[in-house]
Ligand code: F2R
Ligand code: MG
Ligand code: MG
Ligand code: MG
């Protein structure tokens, strides 16, 4: 297996591990100490995955099966999975799936249009759309699939995957920035661009027509945090956020990874850096499964599958499937 395939697998497995381990503490207060956390992860249990992984699996499955983005197929896969197991999802996303289910049950599949598929998400929150982090939390497979796409193609791919459930610009832009970070990490440490510069350029173009430069402001905050030797979890959570919105979770996930590239961690092995990313992201509290899953997708891509602790791999549900899906996405992009 070559380095890039190991990074593909690292990314999808990293996302599953973050979701499974993080879900133990989603909205738990107070977050226990690192020692207590590590003790819990040493206990002989299986940690189950949640909606984050359920939706990522559908994204990967659809891209692999169709070899392109087919939004109608992906919407059907999301909906069938939700109907089969509707627990642990965002508070309002179920409305989208019930409407999609009505479309799929009342019409001939071949007659359904993309416009109809995007309509339920546009109706959410009085027509504003959702700004939850549900589009960003499932996006890593798109980074693998779009590894060779140019910026425009990549943005379109992520935007359409997001639009099935999340129509608010904050929800979509969060997914584009998370996907960009994962794609960048697949080329780390030999990437010749700086991640924050890249994200800032993307955020500027995404927010060019908006009065609110919300993601650009978060990137500035990450830059400031990167200059500090260390900042407490509480301060990072206050500055970057730790809730179920994309704006208050994607920047926290990106920082959780970037922090491990600081000089003060240069003596850590890649495995220790992956662990540090996950434990720090969970220690931020709040939406821990999702922040750890998004951080895990970036760190797993950067440090590769060999750096994900074997004892964590063993206790997380869904790792084997993530491995297989990453392998197939690798074959799709590198063995044509
Ligand atoms: N839902 C959970 N965990 C339980 C969280 C309970 C918590 N106390 C809380 O909800 O605050 N986890 C899973 O949900 C998150 C992903 O959510 P997703 O897919 O984005 O769903 P949804 O329903 O679209 O949005 C999430 C919440 O944000 C509010 N919201 C979204 N857009 C809004 C808008 N335009 N105006 C006002 N509120 C908006 C929704 O009402 C939802 O409460 C992940 O954490 C996943 O693990
Ligand atoms: Mg979840
Ligand atoms: Mg919603
Ligand atoms: Mg969550």
Before we move on, is residue 199 in contact with a helix residue (DSSP H, G or I) (Cβ under 7 Å, 6 or more places away or on another chain), part of a helix (DSSP H, G or I) and crowded, with 23+ Cβ neighbours inside 10 Å?
yes
Here are some residues: 138, 159, 57. Which one is within 29 Å of residue 335 (Cβ to Cβ) and within 16 Å of ligand 3 (Cβ to nearest atom)?
138
If a residue must be more than 22 Å from the chain's Cα centre (by Cα) and not in a helix (DSSP H, G or I), how many such residues does segment 211-235 contain?
7
Across segment 312-329, what is the total count of residues that are in contact with a strand residue (DSSP E or B) (Cβ under 6 Å, 6 or more places away or on another chain) and either buried (at least 22 other Cβ atoms within 10 Å of the Cβ) or not in a helix (DSSP H, G or I) (or both)?
1
Taking residue 221 as the residue in question, decide whether it is more than 16 Å from ligand 4 (Cβ to nearest atom), surrounded by 17 or more Cβ atoms within 10 Å (Cβ to Cβ) and over 19 Å from residue 15 (Cβ atoms).
no
Select, from 100, 157, 74, the only residue that is out of contact with any strand residue (DSSP E or B) (no Cβ under 6 Å at 6 or more places or on another chain), more than 16 Å from ligand 2 (Cβ to nearest atom) and closer than 16 Å to residue 57 by Cβ.
74
So which residues in segment 280-295 are within 12 Å of ligand 2 (Cβ to nearest atom) and in a helix (DSSP H, G or I)?
288, 289, 290, 291, 292, 293, 294
Six or more apart or on different chains, Cβ under 6 Å: which pairs go from a residue in segment 44-57 that's touching a residue at least 12 places away in the same chain (Cβ under 8 Å) to one that's away from ligand 1 (no atom under 12 Å from the Cβ) and not in a helix (DSSP H, G or I)? Could you list them?
46/317; 47/316; 48/317; 49/317; 49/318; 53/318
Can you work out which of the residues in segment 88-99 that are more than 8 Å from ligand 3 (Cβ to nearest atom) and within 19 Å of the chain's Cα centre (by Cα) is farthest from residue 166 (Cα to Cα)?
88
Take the conditions at pLDDT 95 or above and either outside any helix (DSSP H, G or I) or crowded, with 24+ Cβ neighbours inside 10 Å (or both) and apply them to residue 179. Does it pass?
yes
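To keep it simple, each residue is scored yes or no on (1) within 16 Å of ligand 4 (Cβ to nearest atom); (2) surrounded by fewer than 20 Cβ atoms within 10 Å (Cβ to Cβ); (3) touching a residue at least 12 places away in the same chain (Cβ under 8 Å); (4) within 27 Å of residue 327 (Cβ to Cβ).
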position: 66; (1), (2), (3), (4): no, yes, no, yes
position: 69; (1), (2), (3), (4): no, yes, yes, yes
position: 84; (1), (2), (3), (4): no, yes, no, yes
position: 101; (1), (2), (3), (4): no, yes, yes, no
position: 106; (1), (2), (3), (4): no, yes, no, no
position: 122; (1), (2), (3), (4): no, yes, yes, no
position: 127; (1), (2), (3), (4): no, yes, no, no
position: 139; (1), (2), (3), (4): yes, no, yes, yes
Return the residue satisfying two criteria in turn: it lies in segment 32-41 and is out of contact with any helix residue (DSSP H, G or I) (no Cβ under 7 Å at 6 or more places or on another chain) and assigned to a loop (DSSP other than H, G, I, E, B), and of such residues it is farthest from ligand 3 (Cβ to nearest atom).
33
Can you pull out every residue in segment 270-311 that is away from ligand 1 (no atom under 16 Å from the Cβ) and either crowded, with 24+ Cβ neighbours inside 10 Å or within 10 Å of residue 11 (Cα to Cα) (or both)?
274, 277, 298, 299, 300, 301, 302, 303, 304, 305, 308
Candidate set: segment 236-268, residues that are assigned to a loop (DSSP other than H, G, I, E, B) and within 16 Å of ligand 4 (Cβ to nearest atom); chosen: the one farthest from residue 134 (Cα to Cα)
241
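The values are calculated or read from the model by the stated rules, or taken from the named source; none is laboratory data. These figures come from a predicted structure and were not determined experimentally. Note: ideal-geometry Cβ built from the backbone for every residue, glycine included; neighbour counts use all protein chains shown.
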